[in-house]
Structure formats: structure tokens, C-alpha cells
Amino acid sequence: PSAKSYLSIDNIIDAARRTGADAVHPGYGFLSENPRFAQALKGQGIAFIGPPVAAIEAMGDKIASKKIAAAAGVATVPGHLGVIADGDEAAKIASEIGYPVMLKASGGGGGKGMRIAWNEVEARDGFASSQSEARSSFGDDRIFIEKFITDPRHIEIQILGDAHGHLIHLNERECSIQRRNQKVIEESPSPFIDAATRKKMGEHAIALGRAVGYQSAGTVEFIVDAERNFYFLEMNTRLQVEHPVTELVTGIDLVEEMIRVAAGEKLRFTQKDVKLNGWAIEARVYAEDPYRGFLPSTGRLTRYRPPASKPSLRNDTGVFEGGEISVHYDPMIAKLCTWAPDRARAIEGMAEALDDFEIEGIGHNLPFLAAVMQHPRFRQGRLSTSFIAEEYPKGFTGVAPSDADARLLAAVAAVVNFRVQQRNVQISGTLANHPRQVGADWVVTFDGLAATARVVTDDKVSIGDATFTFASDWRPGASHAIFTIGEIRMGVKISPTASGWRLRWRGIDVLAHVRTPRVAELARLLPAKPPPDTSNLLLCPMPGVVTAISVSEGETVEAGQALATVEAMKMENVLRAERRAVVARIAVKPGASLAVDDLIMEFSA
């Protein structure tokens, strides 16, 4: 568990002693904003590579930080900055502020302990959930409420200061693509911010930094409305997960500068030295299954192959092929970053890198990230923190291929199948001069498509009246290959199935059946197998630990009523009834560790 590993101050100090380290960089884990950790290091004569304890304390308390920001002249969001006692008081304050509101943990971060409430019921429930999550994640269950600004952008300013009074900002990062208040895609610069707003936001960020005597790297987060009005959200007194995009466009190594500042050096840059060069995008690769509502996924990485390294690509990761993704830690697998001279080319570079990224053994969000890169609204830069909720209101179900994409994938399936058939006829032990003849005509079917394919050579195929000529390095057994058709580059993940191939590209995931015309004719006569009926069962949607059972056997529950709570990867997930029913049997107790689809309870009508 995290509390006994990277959150254990004693263990970290013991490791520093045993290795002879004279300084500790806390990364972006929770200890990075824990003043007790910084003080404990100081007591052992070990340098803390981060800001002063006073700054951590002032900005780590979200209530205190709002007051300091307001006093420093920084624009803040309307809200109630006092500690809230219970759900009743939360509902009363929320109604006075005006819905919607955001309930936030005072000692929180990383999207933990945060809930949006649109009415009194959600304010009460959200308070309880936020408080519980904050207590388990931070050991601090204080909750405050502020006005939730609809359709906002989340834009943050990177600052950097030294112990000699020098403080600069390194421009902005756009972090609006979020899910459950957790960032998914970040970029620098923002496609929305103009030079005047950038300058003003930078000045406000520096004013806040000066108010707390800030040193080292830190981030001042703002929410920005449609008119480019910005409001202080919080300050993260640490290195951000998304810091690489700033490094890629400024050429400044933030970790190096943090080390230099901790060693007492002066900043080597002035504000005039900070430039913007090109565009950088970061996509967070998570162990979350987008097809199951982005629920956490655990297990062994049976395959982990990042895209090939090149100057415009950066992949920060801490996992390896054969390693295990545990239920005890954050689900982030890697941070994939691309750089290009402009935003359009940075997006295209990211799309190609995601196509070439192979992860197997667990659920992951690569298909979703690939889909966002192709989304017209994202490409146009029309972003907000509600982007995912608005564009995927029913969750992510994959990308339906266009007619053009379907023909390309059908052609790939036909070529791949033909190459395998050619290899099979060369298997040793067959009669000499009597090889099996591989036919040229095939039928490719998937997602309602039924295309006739005529294979001319192993790199040329006709789908209907369209002919495609490939340049490809794919050989039987390879799980990924790049197919080039004219100007089109297709990085396709390929795996065999019983009657064809699973092909994944740009968020599209198809099971392409490749059959001879006669077999295809017979296959159309096969009846479809109905899925099993699980409507009277509550199954665990993710691997996790049951922290609460909210009902009892024989109880009648209503639609939307809380049934059970499952904690996975430090996030609490409340499972609710889909309809009115009677609880017939409860199969587990609080504390039980469950796998995906394990039974929690049964219902009767």
C-alpha cells in the first residue's frame, strides 16, 4: 500500500541515509506537498528539493491559499472558505452561493476529494464522499465550497523562483481535457490564451509567489471563462505531472533548475529570456478501461512497447513489460509527449505515437486518447473541462470507422490474411510439387461491412472498385506494423482471432473476419448468440476493495440509490441501483477484495 511505501516519511529518509543521498526530490507524489516531510529531511541534514515549508503550508491548505491569493490581488472564485461541519451545512452554503458548486478537500490534490453538486441532494452526498476520500488520501477531511464556473478552461502558469528574490513565469499550460477532475491531456501554449492574457496571468502568478516567498518550481492554476476572465484555483507547490510540455517549448529543464535552486544558486534566466518555441502536447496513459466507464484496471503488463524514440517524442514512464499494475497506486502508466513547430503537427505526431504504443494485459485508455486526437472540436481548440462529459455523454464506446477508414482496414485485413496463408503453404512436411493454392478472392466483414477483396499481390489488394497498394514491414507474428498507402500512414495493432484479425488504429477497434466467399456465405446463416442476462446482478465493475455495503437483504431499493462502495487506486466508486428492486442476497462483506465481474449482490423483482 502507498502508506507503507512512497508515503512513508521514515522509509524515504532511511533510503536516503543508506544510499548516502544529500538531497531528495519528491517528484509529484503526495509527500512533495507535505511540510512534515520537508521538515523531517531538514532535521536529518538532507536537502529538500522544493519550496520553503512556509510556502507549502500556506498553499497546501486550499482555504488559506484562497485568502492569501485574495490579499495579494489575485482574482479568486466566489465561495465559502470556512470549514464545513456536515452535509446539512454544505447544502445550506451551496444554496447561498448558487448551484452548481464544487466541493473540494482543503488538503487535496490530483482530483481526489472533489465533487460537483448541481442540487441539494448532490451537495449532501458529495460532501460525504469528498470527506471520506480526503480522509483516506490526505488524512485531512476538511471540505470547502466554491462556485463552479460552467464551461471553464483549466489553464495554469508555471513559475520558478530562487532564494535570492528572483521569480519568473514560464508561460501557460492548457489542461482542460479532464475526467473526474483528473487531467488527461495537456498542452503548451494554450490555443485560447492571447499575449495580453498570458502576460496578465503571469503577473498574478508571480504576485502570489511573492506573497508566500516562493522558491523552486511551482504552478498557479486558474479557471478561465469564455471572455478570458481568469480566477485563482489553487497552487501546487511541486513539480507538475505535465511539466514536460513546458520544458519542450521553453528549453528549460525544470528538474535541473529545482536542484540548482535547492543548492542555493541564482536563477540563470530572466523573464525576457523565456521564449515559446513550437507546440507540445502530453497524453496521460492510464490503466483505466474506457469501455467500462474508465474504471481502473489492474493486472500484468504482458506487452509494453512504447513508440520508437525520436527528438520530437518523449515518454516518461516507470513501468516495464512483465510488471504488475497494482490496485494500491495511481493508474498512470506513462506520460507521452510530442513536440512540433505548430499545434496541428503536434497533434498529428501524438496520433501517430498513440497508434504505435503497444500495451496488453490490462485495460488502458490508448483508444480514447487516439479518438480525442481525431476529434474535430479538439483539433479546433474549442476546449473546456466538460469536454469529455459533453462529447462522450454515454461513455466511450470506441470509434466507428468512416467508409474510407473501413475500406483501408478491410484492405489491411486482406493483405495480412494473404501473407499468413502464403506462409502456411510453405510449412515443411507437405507433398512436393503439390502446394495448396491460395485463392485471390476473399470476403472481409466487420461492424456491418461486408467487402469483397481481391488480392493481387501480398502488398496490393482491391476492395470493391478501389485498389490499395501498401508499403509495409508486417510479417506473420508481428503485433504491430506501419502500412503506408500514398500519403496515409497507418500504425496498426494486429492480433489473430478464430476467423480473422483484430485491428486497432486511431481509436477504431474491429474484429475483421476474412473468409472465402463460400465460407462467408455459410457464416451469414449462423444465428447470433445472445449475451447472458445479468440484469438481476450487481457485479463489481473494477478490481478493488469493498469499503461499504449500503443496503441489507430483503430491502427494496430505488433507482439511483447507493448499494455499495468500491475503492480502487485511491478513488471511491459508489455503485447505484439502476431500477427499483429487492435485494435478494448480498454475496460479500466490507473489506472483501474483488476482481472484475465478481458478484456483489443479487436482486429479485
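The values are calculated or read from the model by the stated rules, or taken from the named source; none is laboratory data. Since we're looking at a predicted model, the values are computed, not measured. Here the Cβ positions follow ideal geometry from the backbone for every residue, glycine too, while neighbour counts run over all protein chains shown. When the accessible area is computed, the model is the full protein with side chains, heavy atoms only, and any ligands, DNA or RNA have been set aside. Shrake-Rupley method; radii C 1.70, N 1.55, O 1.52, S 1.80 Å.
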Requested in this report: Rank these residues by their accessible area, most exposed first, probe 1.4 Å: Leu7, Leu538, Leu522.
Outcome: Leu522, Leu7, Leu538
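So which of Lys67/Lys200; Lys112/Lys310; Lys112/Lys272 end up more than 26 Å apart by C-alpha? Before the final figure, lay out the partial values.
Details: Lys67/Lys200 20 Å; Lys112/Lys310 35 Å; Lys112/Lys272 37 Å.
Long pairs (Cα-Cα over 26 Å): Lys112/Lys310; Lys112/Lys272.
Treating only the Cβ of Lys, Arg, Asp and Glu as charged (+1, +1, -1, -1), what charge dipole size does the chain show about its Cα centre? Round to the nearest 20 debye.
Its charge dipole is roughly 1020 debye.
If we count every other residue with Cβ under 11 angstrom of Ala371's Cβ, Lys/Arg +1 and Asp/Glu -1, where does the sum land?
Numbers: positive: Arg506; negative: Glu391, Asp509.
After counting each charged neighbour, the total is -1.
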Query raised in the report: For helix 62-71, what angle does its Cα long axis make with the longest principal axis of the chain, in degrees from 0 to 90 and rounded to 10?
Result: 60 degrees
Report summary line: For the chain, longest principal axis from Cα atoms; helix 403-424 axis from its Cα atoms; angle between them, nearest 10 degrees, is 60 degrees
Query raised in the report: What's the carbon and sulfur percent of the chain's accessible surface, probe 1.4 angstrom, rounded to a whole number?
Result: 52 percent
Report task. Compare the Cα positions of Ala207, Ala481, Val77 along the charge dipole of the chain (+1 at Cβ of Lys, Arg; -1 at Cβ of Asp, Glu; about the Cα centre) and return the one farthest towards the positive end. Result -> Ala481
Query - Between 0 and 90°, nearest 10: helix 120-138 axis offset from the chain longest Cα axis - result: 80 degrees
Requested in this report: List, largest first, the extents of the alpha carbons of segment 118-191 along their principal axes, each in whole Å.
Outcome: 46, 32, 21
Query raised in the report: Which value, in Å² and to the nearest 10, is the accessible area of Phe418 when all protein chains are kept and the probe is 1.4 Å?
Result: 20 Å²
Requested in this report: Amide H neighbours of Glu555 under 5 Å, at least 5 residues apart or on other chains, H built in the peptide plane: list them.
Outcome: Val583
Report summary line: Shape descriptors of segment 331-410 over alpha-carbon atoms, Rg and Dmax in angstrom, are 13.7, 37
Requested in this report: Divide, for segment 269-338, the radius of gyration over alpha carbons by 2.2 N^0.38 Å, where N is the residue count.
Outcome: 1.45
Query - segment 1-128, accessible area per residue, ligands and nucleic acids excluded (1.4 Å, Å²) - result: 45 Å²
Query raised in the report: From Cα coordinates alone, what are the radius of gyration and Dmax values for the chain in angstrom?
Result: 27.1, 90
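Given the rule -39500 (n - 2.57) for each run of at least 4 DSSP H residues, summed and divided by the residues of the chain, what is its mean residue ellipticity at 222 nm, to the nearest 500 deg cm²/dmol? Provide the component values of the computation, followed by the final result.
Details: 15 runs with 162 residues, N = 605.
It lands at -8000 deg cm²/dmol.
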Report task. Could you work out how far the C-alpha centroid of segment 456-519 sits from that of segment 312-338, in angstrom? Result -> 29 Å
